[in-house]
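The values are calculated or read from the model by the stated rules, or taken from the named source; none is laboratory data. Note that the coordinates shown come from a computational prediction; the quantities given were computed from them, not determined experimentally. When we count neighbours, we look across all protein chains shown, and the Cβ atoms used for this are built from the backbone with ideal geometry, even at glycine.
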């Protein structure tokens with residue numbers, strides 16, 4: 001969506017009323033790196049919800065190709081032998097996204113108390129969500145964090161996956177049938193410590209055919225290794241269309257568009273930094289935007305996606 005007002009009053013027509021009472025309290029648009037996220041409060045779940053947008057549809061083929069060759073290239077702080085994908089790590093840690101998310105979480109907790117946190121995202125947004133969930137536990141001292149991602153790529157090696165599963169055990173990676181992205185970057189079983197490795201728990205959605213009948217989204221909860229050979233690894237990851245549909249919801253944009261925000265009088269909503277990145281905030285339970293923020297300049301470039 002490109003309208004800031006519509007984003008702040010977002011509802012989900014496909015969700016059968018399940019988002020009733022949900023409110024967005026912060027919208028983050030990092031135009032420099034083509035990233036977008038929001039932080040909101042779901043009162044029925046008694047939870048803060050942090051959601052990261054996935055890769056824009058027109059660029060998926062480009063970064064999928066890049067992921068075939070991208071190597072582990074960054075040591076995760078204070079985790080011996082743990083290595084991660086620099087681009088995904090930096091997309092969360094070294095852009096305008098992280099400080100805005102943490103500020104919104106603090107604001108929500110000041111208003112609602114010590115409620116749970118749910119972090120979610122699709123595709124590259126799932127990778128960012130995993131780093132955010134870990135960050136909340138390790139660096140912010142949060143204890144009630146759940147992460148649920150959709151079509152997430154691998155983000156680190158086996159050592160990282162082991163640390164992650166210990167620190168953020170309430171994590172579910174949803175994968176869909178032949179979705180290509182959970183197979184990337186490649187897993188090489190003969191180099192288990194030197195290759196990319198998923199963390200658990202995977203829930204594999206299969207499209208099962210019985211003659212002319214196809215049952216979509218049959219769920220299988222996989223083992224605790226993160227690389228269950230009977231789940232998504234049992235098929236060839238070759239489908240971008242499976243990547244763009246989860247639980248019957250089409251996740252692609254209606255039309256290809258550039259990484260900017262239009263159709264909104266930005267001066268009425270927020271300040272922008274010198275690179276055009278935007279954070280718009282409002283007080284929880286307020287019908288309009290009340291708090292303006294100016295982002296600090298981002299110095300670190302994001303690579304690898």
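Taking first residues from the range 82-102 that are without any contact (Cβ under 8 Å) to a residue 60 or more places away in the chain and partners that are surrounded by fewer than 21 Cβ atoms within 10 Å (Cβ to Cβ) and part of a helix (DSSP H, G or I), the Cβ contacts under 9 Å between residues at least 6 apart in sequence or on separate chains come to 92/98; 92/135; 93/135; 98/135; 102/135. The test for being at pLDDT 75 or above, in contact with a helix residue (DSSP H, G or I) (Cβ under 9 Å, 6 or more places away or on another chain) and surrounded by 19 or more Cβ atoms within 10 Å (Cβ to Cβ) holds for residue 27.
Only residues that are under 12 Å from the mean Cα position of the chain (by Cα) and touching a residue at least 40 places away in the same chain (Cβ under 8 Å) were counted across the range 135-151, and they come to 2.
Applying the set (1) part of a loop (DSSP other than H, G, I, E, B); (2) out of contact with any strand residue (DSSP E or B) (no Cβ under 6 Å at 6 or more places or on another chain); (3) at pLDDT 80 or above to residue 243 leaves exactly one unmet item: (2). A residue that is under 14 Å from the mean Cα position of the chain (by Cα), closer than 28 Å to residue 235 by Cα and outside any strand (DSSP E or B) can be found somewhere in the range 160-182.
Checking each residue in the range 202-232 for being without any contact (Cβ under 8 Å) to a residue 12 or more places away in the chain, touching a strand residue (DSSP E or B) at 6+ places or on another chain (Cβ under 9 Å) and assigned to a strand (DSSP E or B) picks out 208, 209, 214, 215.
If you check 212, 189, which single one turns out to be exposed (fewer than 14 other Cβ atoms within 10 Å of the Cβ) and within 23 Å of residue 70 (Cβ to Cβ)? Exactly one residue qualifies, and that residue is 189.
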